[in-house]
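For reference, the structure is listed below as structure tokens.
The values are calculated or read from the model by the stated rules, or taken from the named source; none is laboratory data. This structure is a prediction, so every number in the text was calculated from the model and none was measured. Here Cβ is always computed from backbone atoms with ideal geometry, including for glycine, and neighbour counts include all displayed protein chains.
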Amino acid sequence: MRTTQAGRAMRLAVGAAAAVALLAGCSASSGADESAARTDVNYALPANATPNWIVPLGIAGKLATHNSAIMRTLWEPLVAYDGSEGEVGRVATADLADEITFSDDSRTVTITLDDRTWSDGEPVTSADVAFWFDLVKANTDLWASYSEGRMPDNVTEVATPDEKTVELTFDKVYNPEWLQASQLTLVVPLPSHAWAKAADDDEPDPALAETKDGARAIFDYLVTQSEDLGTYATNPLWQTVNGPYTLTGFTDAGQVELTRNETYDGDDAASIDTVNLLPYTSTDAEVNAVRSGAVDYGYIPTTGLDAPEQYEQLGYTVEPWAGWSITYLPYNFNHPELGPVYRQLYVRQALQHLVDQEQISEVIWKGAALPGYGPVPQNPESDFLSAEQKDNPYPFDPEAATALLADHGWTPGADGVLECTDPGEGDDQCGKDVEQGQKLAITILSQSGSAETDNMFAEIKSTMEQAGVGVTIETAPLNTVLSSIAPCTADQPDCDWELPFFGTAGSWYFGGYPSGERVFGTGAASNFGSYSDETFDQLMHDSTESTDPSVMQEYSRYGAENLPVMWLPNPVYQVSVIKEGLEGTTQDPLASFHPQRWSWAG
Amino acid sequence: MTGLRRFAANRLAVVGAVALLLLVLFAVLGPLVHPTEQVTTDLGAANLPPGADGHPLGTDALGYDNLGRLMVAGRVSLLVGVLAGALATVVGTLWGAVAGYVGGVVDAVMMRVVDAGIAIPAIFLLLVLSTIVRPTVGMMIVVLGLVSWLVPARLIRAEALSVRTRDYVVAARAMGATHSRTVLSHVIPNTVGTVVVNATFQVADAILLVAYISFLGMGVQPPTTDWGAMLNDGISYIYQGAWWLILPPGLAIVIVVCALNFVGDGLRDVVDVRGRAA
């Protein structure tokens, strides 16, 4: 009897093993066929960062890279710059311009448009370019890419001699490289025949945008529609596209479905029929999805770089995605209590001395972040980078930080946190407008979802508290952080934020030209902390007009030394995991994904 | 058979009590035996495996000694659990006793409040609150206590409904005792068995709730930590084989919750007359 049972058990075991082997064989052999047969891709959105904008007229707080990337799949810009072909440059196949010709005096640029149509069959015309200018010129107070004196202020005339030609006249001669890479790339022709209205029931009238009131009404209407996330997939406005995809699904949780635009007639057509953009509340949750095979193009925490083979065994390629970016914490210079403190250069120098960028990059980010000391991206190095920025004017030095604060009238209070005990404007006093008893206790509002970011701020908190700087760390999803930090004045009730962090995947990505007028220029919409410095403004201004690299180097030096923000290690956009067989995934250093160039091998 | 003997007769209850005592000693006195730096980070000693450089349980991503961290985290978990459980027990007992004793419309209204509160998941309330303010230890004690009193209120109210009809309660009222005196001196003392047993479960539940919130990344501010926060910090390293970051806090939570439940069972044996021999 025992023999019989043992024999039965053995037969069952062998049978089970055979079945498993058979299934494994089947699945292995079908794996390759499966990727060849697939027509969809599942792409993981950044952790705790869901798309929340669609109209390609960004307002403050809506410029997250994934928002921009989705827009670009729906509406092509007038001039496209990206790094999807290996180096950053114009990608003519992905834009609506055919030829771009500068006049001899470089004051006028003539752009002829490709022969293209919108998804409803109407042609893309020069009037659609003029429509964009009309809307943006009338709404510079809302458009998030605005910087005084730059686009659209620097365009004195938009002429449309025929349906396919646009002539832009500038107020003076600019650096053509900057003009093309940083200004013309902002222009996104919009379907005036469908969008030129101020209410759902209105008949579109492109002439409406030609008056300021009309343009403001249209802009308001489009913004209101874009705030209604639940209708993204059904709103007729967003169905009129000219890009390689159409948006066919959008859930409240932030899951997006892009479907190949069957009417697309450009040179950047999609191969993949359906692209699903999947939201996750944390990197850990996303990694679990990667390990289960539910994600084709996702990411892992930097700790995964220690043992990439565990993902390679699952059929993924592990590839860090480096960006042409800088990462920082903006100071709110208009904060009612701490604004005057942040306006003191010696305070910013002391705080910068307390950030151990090398250790944080190496230990916490596992080398997937590199130290950054100024306003010019440092990886890869370029002619724009100054020696001062490269050498780090404020290396990690807690003693220097402590001395700087002590030398300016800050002494530890009963709780160990530094207090201003010598107010005044003298060289050894706290500085202008800093009051007696003001504590040096800062609050960092950090985006949530990343263990590396949490650990980075735990480390900074620890170091700063040893030096007597009180630190409170609050966390919130990326969209919450971005929507709570609009530039403000001290008398506004929402001006109580201090140091926001939105740089887990890099804080700011540049186009082809790393000038910082949109981030650091006085009054710029993305200058969240309201930093204002005449010299820096002038340097940024000069950098847009001159082709001499020394001008940008001077800008780099001044930004590194004057600390308009607190510089932090610049992380890669993500450590990507890409399923084997998925091709065309060259990772754009401008942090945009281009699903139209993806395809499955076979 | 005395109460202590009845408790001792329940082997699991004894094991639970011993385990609880050891965990409290570990958390409270452990740092005296194994002193470590738990405020200042040390990136130079980050991610060390067990045994390296005098760290019996290794270090975490910020260089904190993991054994020492387990001790200080235990203090927070146990402190929040015990105090939140006590607060929930006090509030629930008073609420339930008054409702059961007074009866009628007052009882109906008070218990509908309890029903409404129970219908809202505590974890949901806590997460919403956590998104508004980053909790401190004190705030977590108050908040956890205030979302956990509903179940004891129901239990005590049922007891009070029975106790209020007893002769000694009627006699007290006949002799002129006020309602508040009757509730505090006669009703509540006669529900103490239920209160004590339930309190142990309340503490266990509160410890678990703290762990949930911290595991979801919404717990106390670093460098303060608790066992749930340690789990949350360690989970990123689960695929790197860093078991020392996950297993110890996970085990600590399991042990303390099981121990409290065993002790609660033992106490139930002590106060439950139905199981006793005549």
Please find, among A:G559, A:G581, A:G602, the residue that is of a type outside the set (D, E, K, R) and buried (at least 24 other Cβ atoms within 10 Å of the Cβ). A:G559
Of the conditions (1) within 14 Å of chain A (Cβ to nearest Cβ); (2) buried (at least 22 other Cβ atoms within 10 Å of the Cβ); (3) within 17 Å of B:G58 (Cα to Cα), the single one that B:G241 does not satisfy is (2)
Please find, among A:D454, A:D428, the residue that is more than 14 Å from chain B (Cβ to nearest Cβ) and either farther than 30 Å from A:A47 by Cα or not polar (S, T, N, Q) (or both). A:D428
Of all residues making up the range A:473-490, the number that are touching a helix residue (DSSP H, G or I) at 6+ places or on another chain (Cβ under 8 Å) and at the interface with chain B (Cβ under 10 Å from one of its Cβ atoms): 3
Matching entry among A:L142, A:L113, A:L184 (being touching a residue at least 40 places away in the same chain (Cβ under 8 Å), within 21 Å of A:Y513 (Cβ to Cβ) and under 29 Å from the mean Cα position of the chain (by Cα)): A:L184
Please give the helices (runs of 4 or more DSSP H) falling wholly within the range A:427-543 in which 1 or more residues are crowded, with 21+ Cβ neighbours inside 10 Å, in contact with a Leu (Cβ under 8 Å, 6 or more places away or on another chain) and modelled with pLDDT of 95 or more. A:451-466
Selection status of A:L314, touching a residue at least 60 places away in the same chain (Cβ under 8 Å), outside any strand (DSSP E or B) and within 14 Å of another protein chain (Cβ to nearest Cβ): no
Just need a number here: residues in the range B:37-60 that are within 14 Å of chain A (Cβ to nearest Cβ) and closer than 19 Å to B:V76 by Cβ. 6
Is at least one residue of the range B:212-227 part of a helix (DSSP H, G or I) and farther than 27 Å from B:V72 by Cα? no
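If I filter the range A:338-361 for residues that are in contact with a Leu (Cβ under 9 Å, 6 or more places away or on another chain), outside any strand (DSSP E or B), within 13 Å of another protein chain (Cβ to nearest Cβ) and among the small types (G, A, S), do I get at least one hit? Give the derivation first.
Narrowing the range A:338-361 to residues in contact with a Leu (Cβ under 9 Å, 6 or more places away or on another chain): A:338, A:341-342, A:345-353, A:355-357, A:359-361.
This time we only want the ones that are outside any strand (DSSP E or B), so: A:338, A:341-342, A:345-353, A:355-357, A:359-361.
Going one step further and asking which of them are within 13 Å of another protein chain (Cβ to nearest Cβ), we end up with A:355-357, A:359-361.
From the residues that got through so far, the ones that are among the small types (G, A, S) too are A:361.
Yes, there is a match, as at least one residue in the range A:338-361 is in contact with a Leu (Cβ under 9 Å, 6 or more places away or on another chain), outside any strand (DSSP E or B), within 13 Å of another protein chain (Cβ to nearest Cβ) and among the small types (G, A, S).
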